[in-house]
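Peer 1: Have a look at this one.
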Amino acid sequence: MDKGKYYLTTAIAYTSGKPHIGNTYEIVLADSIVRFKKLNGYDVYFQTGTDEHGEKIQIKAEEAGKTPQQFVDEVAGEIKRIWDLMNTSYDNFVRTTDPMHEKKIQQIFKRLYDQGDIYKGYYEGWYCTPDEAFFTESQLVDGKCPDCGREVHMAREEAYFFKMSKYADRLMKHIEENPEFIQPESRKNEMVNNFIKPGLQDLCVSRTSFNWGIPVTFDEKHVVYVWIDALSNYITFIGYDPEGNHSELYKKYWPADVHLIGKDILRFHTIYWPILLMALGEELPKQVFGHPWLMVGEGKMSKSKGNVIYADDLVDLFGVDAIRYFVLHEMPFASDGTLTYELVIERINSDLANILGNLVNRTVTMTNKYFDGEIMAPSEHESIDDELISLALETPLKVEKKMDELRVSDAIDEIFTLLRRSNKYVDETQPWVLGKDESKKARLGTVLYNLLESIRIAAVLLEPFLPETAQKIYKQINTDKTDWDSLAQFNGMVPGQKVGTPEILFARIDAAKKMEEIIKINEAKKEAEAPTEVKKEEAKEVKEEVVEAEDDGLISIDDFAKIDLRVAEIAKAEKHPDADKLLILQLKLGDEVRQVVSGIAKYYEPQDLVGKKIVMVYNLKPVKLRGVDSNGMILAAQKGKKLTLISTLEDIPDGAKLS
């Protein structure tokens with residue numbers, strides 16, 4: 001059975017650090033889809049990998065005392081390790097530092113420039129370093145990045161621009177004529193109404209403020225901006241040739257059937273990427289699916305919140321298939337899902353241990369007990385069997401329909417409906433009662449056959465989601481009928497063969513004991529990580545942030561003349577996302593706004609500072625404090641445990657220079 005080709009990609013993971021379980025969800029989701037497509041008869045190609053260029057990576061590498069290449073090599077290795085740990089079956093793990101990819105990106109950039117789609121200009125706007133994206137004032141949300149919610153800063157630099165507006169009408173036409181192109185529907189409406197209809201601005205596609213990127217061949221002070229570099233991986237690594245000599249792999253699999261991505265990067269994949277392909281004269285992907293986020297408790301995972309959970313830690317606690325089941329089943333189609341340790345334990349106990357594991361265990365155990373393990377031919381059919389058999393034969397078609405719509409959680413629910421019905425069938429037929437009556441042996445054999453066959457069908461359908469568990473079930477019921485065609489009839493189990501030995505698939509978890517274990521593990525990790533960070537932070541605060549009242553060091557008049565002190569009004573104050581002792585201040589100096597990071601969080605609440613006028617060192621060399629730019633220093637006096645910010649007696653206008 002060959003249903004044709006199916007090419008699925010994930011977004012390539014940014015190599016800025018170890019991926020948490022929310023990042024890992026995407027690769028598990030993708031893997032479940034491609035495994036099902038293979039089972040369903042498709043010729044599948046599955047690509048994932050890492051995005052390895054950009055300013056953020058260069059900064060992190062410098063902070064770690066490594067070259068950018070050393071840094072991304074380590075992080076990419078860690079990402080691949082976790083993808084492998086989660087038993088994902090990708091065909092190609094790509095890296096954008098691959099020389100082949102870099103050369104093709106340079107050729108693509110030059111081609112777009114030569115055909116007039118790229119031109120040189122200047123960019124001035126609000127820049128988000130974590131997202132490496134520029135925004136206009138109107139695009140900001142409460143003065144912050146509309147994508148990640150972090151602080152932005154004003155930046156200006158020479159750049160090359162891509163003429164987005166040239167292709168806007170064509171893109172809109174494509175979206176209207178292909179209603180499945182952007183899914184879910186809510187994501188499509190967001191892109192059309194918020195970005196396309198208001199008018200597309202030309203896109204910045206090169207940078208000069210850092211050099212960790214692919215050089216522009218005809219202007220080497222520029223590097224290719226991350227989105228042309230990263231997005232093009234979907235075609236470069238399957239053999240796209242900018243000169244038209246495409247590989248057989250490219251001819252076979254492009255266009256992609258699905259780009260599976262997080263909802264936060266939908267704009268880049270449904271606007272920038274299609275327009276880039278249009279400019280290159282290539283077909284557009286058939287669908288871009290923006291999946292929701294996996295939240296921890298009530299919020300998104302964040303190191304600053306201390307709620308980051310990693311896949312390998314969860315696997316150590318619960319096992320690979322248990323975590324695959326949880327993230328796949330608990331994520332709704334279009335809204336965010338929630339992960340807590342308590343919920344994981346509850347799902348393992350209720351769904352995996354009770355509904356699935358208990359059914360398999362007692363069915364195999366009863367077959368061994370009553371028939372010495374032999375599978376009996378069904379011979380005494382009763383009307384009560386019809387509902388189970390009918391549901392077992394309908395379930396593959398129901399699962400297929402849900403998977404075609406990428407409704408993975410709903411597909412799993414269909415399988416568990418069959419498992420629940422099988423458990424009910426056990427209660428209805430009471431095989432332990434039939435086993436006491438020799439005259440009921442034929443009926444007992446039929447009941448156990450029906451259960452074994454229902455389990456076989458469920459196991460085949462579960463394999464894309466729980467691959468290791470499915471293999472264990474095949475072994476216990478002793479079947480090699482695990483292909484899609486075998487699901488069409490209710491006769492896959494072979495009478496006369498013997499089942500294997502029953503084994504526990506998922507042991508029930510003592511929730512209270514497990515939570516105690518988790519709390520101890522997390523506390524031990526915090527203790528191990530905290531001291532170094534605390535010492536570093538305290539050192540930074542003393543060195544860069546606080547002018548001690550007791551400091552009696554002497555300087556010359558010439559030294560003092562070098563210091564530019566100005567009055568500034570605190571327009572905004574908020575806590576640093578990654579340091580409890582730091583505040584991020586936006587200081588107003590006339591028409592200028594300066595960002596300063598200050599170690600005063602234990603002395604002042606952010607809301608109490610807004611509107612205060614203070615004195616700052618205006619000409620201090622900019623630094624980064626825990627990843628955030630600080631452009632100046634505020635003055636304070638400290639005595640004992642008390643610290644007071646330096647201000648003026650009179651109400652001096654902000655921006656005034658002290659002399």
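The values are calculated or read from the model by the stated rules, or taken from the named source; none is laboratory data. This structure is a prediction, so every number in the text was calculated from the model and none was measured. Glycine also receives a Cβ, built like all others from the backbone with ideal geometry; neighbour counts cover every protein chain displayed.
Peer 1: Looking for whichever is buried (at least 18 other Cβ atoms within 10 Å of the Cβ) and assigned by TED's automatic domain parsing to the domain that holds Val288 here; the options are Met154, Met86. Which one fits? Working first, answer last.
Peer 2: Numbers: Met154 fails: buried (at least 18 other Cβ atoms within 10 Å of the Cβ).
From the options Met154, Met86, the qualifying one is Met86.
Peer 1: Can you name every residue in the stretch 331-344 that is in a helix (DSSP H, G or I) and either on the phi > 0 side of the Ramachandran plot or touching a Phe, Trp or Tyr at 6+ places or on another chain (Cβ under 8 Å) (or both)? I'd like the intermediate steps shown before the answer.
Peer 2: The first filter runs over the stretch 331-344 and keeps only residues in a helix (DSSP H, G or I), leaving 341-344.
If the condition is that a residue be in a helix (DSSP H, G or I) and either on the phi > 0 side of the Ramachandran plot or touching a Phe, Trp or Tyr at 6+ places or on another chain (Cβ under 8 Å) (or both), then Leu343, Val344 are the ones that fit.
Peer 1: When the residues of the stretch 201-228 are narrowed to those that are closer than 22 Å to Arg267 by Cβ and among the polar types (S, T, N, Q), which ends up farthest from the chain's Cα centre (by Cα)?
Peer 2: Per the criteria, the residue is Gln201.
Peer 1: Within the stretch 2-61, track down each residue that is basic (Lys, Arg), outside any helix (DSSP H, G or I) and under 18 Å from Pro130 (Cβ atoms). Can you show your working first?
Peer 2: Of the stretch 2-61, the ones basic (Lys, Arg) are 3, 5, 18, 35, 37-38, 56, 60.
Subsequent filtering for residues that are outside any helix (DSSP H, G or I) retains 3, 5, 18.
Lys18, the sole residue that qualifies.
Peer 1: Right, Leu171: closer than 26 Å to Met278 by Cβ, in contact with a strand residue (DSSP E or B) (Cβ under 6 Å, 6 or more places away or on another chain) and either part of a helix (DSSP H, G or I) or in the same structural domain as Thr270 (by TED's automatic domain parsing) (or both) or not?
Peer 2: Numbers: closer than 26 Å to Met278 by Cβ: yes; in contact with a strand residue (DSSP E or B) (Cβ under 6 Å, 6 or more places away or on another chain): no; either part of a helix (DSSP H, G or I) or in the same structural domain as Thr270 (by TED's automatic domain parsing) (or both): yes.
No; evaluated as a whole, the condition is false for this residue.
Peer 1: Would you pick out the residues in the stretch 225-249 that are assigned to a helix (DSSP H, G or I) and under 24 Å from Tyr113 (Cα atoms)?
Peer 2: Here is the first cut: in the stretch 225-249, the residues assigned to a helix (DSSP H, G or I) are 226-231, 233-236, 248-249.
Scanning the stretch 225-249 gives Val226, Trp227, Ile228, Asp229, Ala230, Leu231, Asn233, Tyr234, Ile235, Thr236.
Peer 1: Within the stretch 23-45, count every residue that is out of contact with any helix residue (DSSP H, G or I) (no Cβ under 9 Å at 6 or more places or on another chain) and closer than 24 Å to Asp316 by Cβ.
Peer 2: Quick first cut of the stretch 23-45, residues out of contact with any helix residue (DSSP H, G or I) (no Cβ under 9 Å at 6 or more places or on another chain) only: 26, 30, 34, 38.
Add one more test, that the residue is closer than 24 Å to Asp316 by Cβ, and what stays is 26, 30.
Residues flagged as out of contact with any helix residue (DSSP H, G or I) (no Cβ under 9 Å at 6 or more places or on another chain) and closer than 24 Å to Asp316 by Cβ within the stretch 23-45 amount to 2.
Peer 1: To continue, here is another question. Before we move on, is Lys540 in contact with a strand residue (DSSP E or B) (Cβ under 9 Å, 6 or more places away or on another chain), part of a strand (DSSP E or B) and modelled with pLDDT under 90? If you could, list the steps in order and put the result at the bottom.
Peer 2: On the way: in contact with a strand residue (DSSP E or B) (Cβ under 9 Å, 6 or more places away or on another chain): yes; part of a strand (DSSP E or B): no; modelled with pLDDT under 90: yes.
For Lys540, the condition - in contact with a strand residue (DSSP E or B) (Cβ under 9 Å, 6 or more places away or on another chain), part of a strand (DSSP E or B) and modelled with pLDDT under 90 - is not met.
Peer 1: Kindly indicate the residue of the stretch 284-311 that is crowded, with 18+ Cβ neighbours inside 10 Å and among the small types (Gly, Ala, Ser) and also modelled with the lowest pLDDT among those meeting that condition.
Peer 2: The selected residue is Gly290.
Peer 1: Still on this structure: So which residues in the stretch 258-283 are within 21 Å of Tyr42 (Cβ to Cβ) and either within 18 Å of the chain's Cα centre (by Cα) or buried (at least 20 other Cβ atoms within 10 Å of the Cβ) (or both)? Walk me through it before giving the result.
Peer 2: Going residue by residue through the stretch 258-283, those that are within 21 Å of Tyr42 (Cβ to Cβ) are 258-261, 283.
Hits for the stretch 258-283 are Val258, His259, Leu260, Ile261.
Peer 1: Restricting attention to the stretch 378-414, and to residues there that are surrounded by 13 or more Cβ atoms within 10 Å (Cβ to Cβ) and of a type in the set (Gly, Ala, Ser), which single residue is farthest from the chain's Cα centre (by Cα)?
Peer 2: Only one residue fits best here, namely Ala392.
Peer 1: What do you reckon, is Thr469 touching a Leu at 6+ places or on another chain (Cβ under 9 Å), crowded, with 23+ Cβ neighbours inside 10 Å and among the hydroxyl-bearing types (Ser, Thr, Tyr)?
Peer 2: On the way: touching a Leu at 6+ places or on another chain (Cβ under 9 Å): yes; crowded, with 23+ Cβ neighbours inside 10 Å: yes; among the hydroxyl-bearing types (Ser, Thr, Tyr): yes.
Judged against the criteria, Thr469 is a match.
Peer 1: Out of (1) within 21 Å of Thr365 (Cβ to Cβ); (2) in contact with a Pro (Cβ under 6 Å, 6 or more places away or on another chain), what's the single condition that is false for Arg456?
Peer 2: (2)
Peer 1: So, restricting to helices (runs of 4 or more DSSP H) that lie completely within the stretch 354-457, which ones have at least 3 residues that are over 29 Å from Leu39 (Cβ atoms) and at pLDDT 95 or above? Even if it seems obvious, please write down each step before you answer.
Peer 2: Numbers: elements: 358-371, 384-404, 408-429, 431-434.
Filter on the stretch 354-457 gives 358-371, 408-429, 431-434.
Peer 1: Is it the case that Ile105 is touching a Leu at 6+ places or on another chain (Cβ under 7 Å), in the same structural domain as Cys204 (by TED's automatic domain parsing), within 30 Å of Lys163 (Cα to Cα) and in contact (Cβ under 8 Å) with a residue 24 or more places away in the chain? Steps first, please.
Peer 2: Details: touching a Leu at 6+ places or on another chain (Cβ under 7 Å): no; in the same structural domain as Cys204 (by TED's automatic domain parsing): yes; within 30 Å of Lys163 (Cα to Cα): yes; in contact (Cβ under 8 Å) with a residue 24 or more places away in the chain: yes.
Taking the combined requirement at face value, the residue does not satisfy it.
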